[in-house]
Structures are given as structure tokens and as C-alpha cells.
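The numbers here are math on the coordinates, done by the rules we state, and not lab data. This structure is a prediction, so every number in the text was calculated from the model and none was measured. Ideal geometry is used to build each Cβ from the backbone, glycine not excepted, and the neighbour counts take in all protein chains shown.
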């Protein structure tokens, strides 16, 4: 834990996140402090009001999908219609992750101007050094890839009967390929944005009011893994959450996590597409 505190001090000293706006009256730029303006109680309330409906909906959708035994492929027009509805529903469902962060951030700065700038800054939308951050993104992506490969190897070797969301999606792709494309689109371009704002922009810094950095990383990662309602992929999702929370803490910005999250989901989406197209098995 001491090493985490030491790294936290180094982050504040080395961070490239500088407030050099014209309205800054001081001649020297100030380093932005990575501290949530909402309270721990507000954080826990936001988690409860967001996660409970989300989990209930995820379980309901999973049950609906499991009861569909039709093996006949959908017509093009019907598949296209379902795909459009999937995009809209995905945007609405993922958008639910944005309510608590922006509500409590706006509430914290309701009497300050410019409020919008302060809100986005509090949620982690801060400048980064792309050169420094690229090393972290690349290294953590390799670590996630290695964990995923190891987990897949263990499942295969021990013949574990675990079904992941990816396997369910592949099974449905035979009947509704266009809808599968829509689902992958949402996973790559919508989910990373909304989920990073909630779990790393809102939950993680909010937990740090009463938790050490390490504990906040672990708890926010557990919530992230649970929210996916994918028991078969839980260990991998937990590792991904740890990587995303770590890079959020290390860079004091939400952008690197969004990039890493989108990159990870993109690799998964491409893998599914290659299986759909018969390139790999």
C-alpha cells in the first residue's frame, strides 16, 4: 500500500495535467488535484440507483434470450429492424450510467462558473501526455490479452462448462447477423464511453474519500465485473477493471481508460467477426 501512496505522490508531481487557462490569475500554472467533489454517501447512492436497475434488466434480458430457441434465420428486413432497435436500446441502457455522475458533479458546482468545464474536469476529462500514456495502454493491453489467453486455456484444459456473453452472441449471430453487428458496434463505441464515466470517473474517485487507492481500485473493479452479468467471464472482467482503474489513477485522466477499454472491446469484436465469417474457429 505504501508503494501506491508513493506512486500517487509521483503522479501529482509528474502529471502533465496543467490548468493554463487564460482566466488563471497566477503566473504559474497549477496542477489539477484529482479529488471528487461529491461525497462518499452520494457515490454509494449513485451506485445503488444505477446498479440495481441495471442488474435487474441484464438478468431479464438474459432470461429472454435463453428462452428463444428458434434456429431459423431472420429475414433481412426484420434483422435490420432489430439491429436498429438494439442500437437505440443499448444507447439508452448504457446512457443510464451517465445520470448519477453528471447529476452529482453538476450539483457540486451549481454555484460556480464555468460549471460545465469544472464538471467534465471532475469526471476525469483532462489532458494527457499521449507519449507517456501510450506505454501504459500498450502494456496493460498485453497483460489483459495474456490473462484472457490463460483463462481460455484453463477452461479448455479442465473442460469447464462455462458460457460467456461472447459465446451467446456468436450463437445468435447465425440467426441475426446484422443485429450482432449492431451489438458489437455498441460494445466498441458506446459502452466504453458510458462505463468509464461511471466506474472510473464517478465511482473510483468517490470511493477514495474513505478508501485507500488500492481498495478503491479493487471495489470499483468488482462492481464493473458484476455489472456485466457474465459469470463465465468474471475473472477476466475483474482484471480488465483493475487495469482500467489503475490507469485512471496513474494518469488522473479518464481518456486513457476509454482508449484501453475501446481497444479491448475492438479486439473482442474483431475476433467474433472472424469466427462469423469463417476465417477462424
Once a ≥ b ≥ c are taken as the square roots of the eigenvalues of the Cα gyration tensor of the chain, is the result rounded (a/c under 1.5), prolate (a/b larger than b/c) or oblate (a/b not larger than b/c)? prolate
On alpha carbon coordinates alone, what is the Rg over Rh value for segment 48-121, Rh being the Kirkwood radius? 1.20
If packing is taken as the mean number of other Cβ atoms within 10 Å per residue, what is the order of 75-88, 186-199, 116-129, highest first? 186-199, 116-129, 75-88
Does segment 100-150 come out rounded, prolate or oblate, given a ≥ b ≥ c as the square roots of the eigenvalues of its C-alpha gyration tensor, rounded meaning a/c under 1.5 and, failing that, prolate meaning a/b above b/c? oblate
Order of 209, 261, 159 - criterion: other Cβ atoms within 10 Å of each residue's Cβ, fewest first: 159, 209, 261
Can you give me the relative contact order of the chain as a percent, contacts being Cα pairs under 8 Å and 6 or more apart? 30
What translational diffusion coefficient, in µm²/s and rounded to a whole number, does the Stokes-Einstein relation yield for segment 157-213 at 4 °C and a viscosity of 1.567 mPa s, taking the hydrodynamic radius as the Kirkwood radius over Cα pairs? 91
What do you get for the angle between helix 40-66 and the principal long axis of the chain? Use alpha-carbon atoms, 0 to 90 degrees, nearest ten. 10
Who wins for biggest fluctuation among 178, 154, 47 in a Gaussian network model of the chain, springs between alpha carbons below 10 Å? 154
Checking the a/c ratio against 1.5 first, then a/b against b/c, what shape does the Cα gyration tensor give for segment 73-183? oblate
Normalised convex hull volume, segment 181-281, alpha-carbon set, Å³ per residue: 92
What list do you get for 102, 246 if you sort them by fewest beta carbons within 10 Å? 102, 246
Fully extended contour minus Cα-Cα distance, from residue 44 to residue 88, at 0.36 nm per residue: 13.0 nm
Cα centroid separation - segment 218-281 against segment 97-161, whole Å: 9
Neighbour-count ranking for 92, 137 (other C-beta within 10 angstrom, fewest to most) reads 92, 137
